[in-house]
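Student: Structure below; questions to follow.
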Amino acid sequence: MKKLKNILLLTHGDAAIGLLDSAGMLVGDVPGLFALTLQPGVSMEEYMAMVEEKLEELGDRPLLLVDLIGGTPSNISCMLSKDHDFDVIGGLNLAMLLEACMSRDILPEDEYIAAVETAGREGCKNVLAMLDEM
């Protein structure tokens, strides 16, 4: 059986914790799902050390989902990609996280990453389309 891909959420504040709770409510316990939150007062260097330590712990090409492209979690991911092998997708939302959790053991790697990206993008489009219809 294929080993489940680890997923690491990197967000400003407690956004990742809320997403973990919501995902758990919708799909139950999700093994291999982790979060590292950037809290006020934590320097970029301290946060980078935390993320790097977690990456070493996770091994074997985890998927990083970051909240804001261009923010500290995203920038740290870019810097660490020089020395670590992982996939990273920005714009984290609940639709993206649910897709990442539910399809990681059934889709081939390239299809998996594309499905997670699409779920995140389509989740945003669907909300906007609903607003247009109201």
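Student: Among DSSP bridges having both ends in the chain, what percentage is antiparallel? Round to the nearest 5.
Tutor: Details: 0 of 14 bridges.
Taking every DSSP beta bridge within the chain, about 0 percent pair in antiparallel fashion.
Student: If we restrict to alpha carbons, what Rg and Dmax does segment 65-134 come to, in Å?
Tutor: According to the Cα coordinates of segment 65-134, Rg and Dmax are 13.8, 48 Å.
Student: Test of understanding: in a Gaussian network model of the chain with alpha carbons linked when under 10 Å, which of T11, T72, T118 would top the mean-square fluctuation ranking?
Tutor: Among T11, T72, T118, the largest mean-square fluctuation in the Gaussian network model of the chain belongs to T118.
Student: First select every other residue whose beta carbon is under 13 angstrom from the beta carbon of M79; then total the charges, Lys and Arg +1, Asp and Glu -1.
Tutor: Numbers: positive: K82; negative: E45, E52, D83.
My count for the surroundings of M79 gives -2.
Student: Could you state how much accessible area S74 has, in square angstrom rounded to the nearest 10, with a 1.4 Å probe and all protein chains kept in place?
Tutor: 10
Student: Still on this structure, I have one more. Can you give me the relative contact order of the chain as a percent, contacts being Cα pairs under 8 Å and 6 or more apart? Can you show the working numbers first?
Tutor: Working: 178 pairs, mean separation 34.7, N = 134.
Result for the chain is 26 percent.
Student: Using a 1.4 angstrom probe with every protein chain in place, what is the largest-first accessible-area order of M102, M79, M96?
Tutor: M102, M79, M96
Student: Could you name the aspartates and glutamates whose alpha carbon sits less than 13 Å from that of K125, not counting residues in the same chain fewer than 8 places away?
Tutor: E117, E133
Student: Summarise the accessible area of the chain (1.4 Å probe, protein heavy atoms) by the percent that is carbon and sulfur. If you can, show how the numbers build up before the last one.
Tutor: On the way: 4300 of 7450 Å².
The value for the chain is 58 percent carbon and sulfur by accessible area.
Student: Oh, and also: Give the accessible area for V27 in Å² (nearest 10); use a 1.4 Å probe, count only protein heavy atoms, and leave out ligands, DNA and RNA.
Tutor: 60
Student: Ignoring ligands, DNA and RNA, what accessible area per residue does segment 42-134 give at 1.4 Å, in Å²? Don't skip to the answer; put the middle values down first.
Tutor: On the way: 5200 Å² over 93 residues.
It amounts to 56 Å² per residue over segment 42-134.
Student: Using just the helices of the chain, give the 222 nm mean residue ellipticity in deg cm²/dmol: DSSP H runs with n ≥ 4 each add -39,500 (n - 2.57), and the total is spread over all residues, rounded to 500.
Tutor: Working: 5 runs with 72 residues, N = 134.
Only helices count here, giving -17500 deg cm²/dmol.
Student: Keeping every protein chain in place, order R121, R61 by accessible area at 1.4 Å, biggest value first, i.e. largest first. Don't skip to the answer; put the middle values down first.
Tutor: Details: R121 125, R61 90 Å².
Largest accessible area first, the list is R121, R61.
The values are calculated or read from the model by the stated rules, or taken from the named source; none is laboratory data. None of these values were measured; they are calculated from a predicted model. Please note: Cβ atoms are built from the backbone with ideal geometry, for glycine as well, and neighbour counts cover all protein chains shown. Remember, those area values only see protein heavy atoms, side chains included, never the ligands or the DNA or RNA. Shrake-Rupley method; radii C 1.70, N 1.55, O 1.52, S 1.80 Å.
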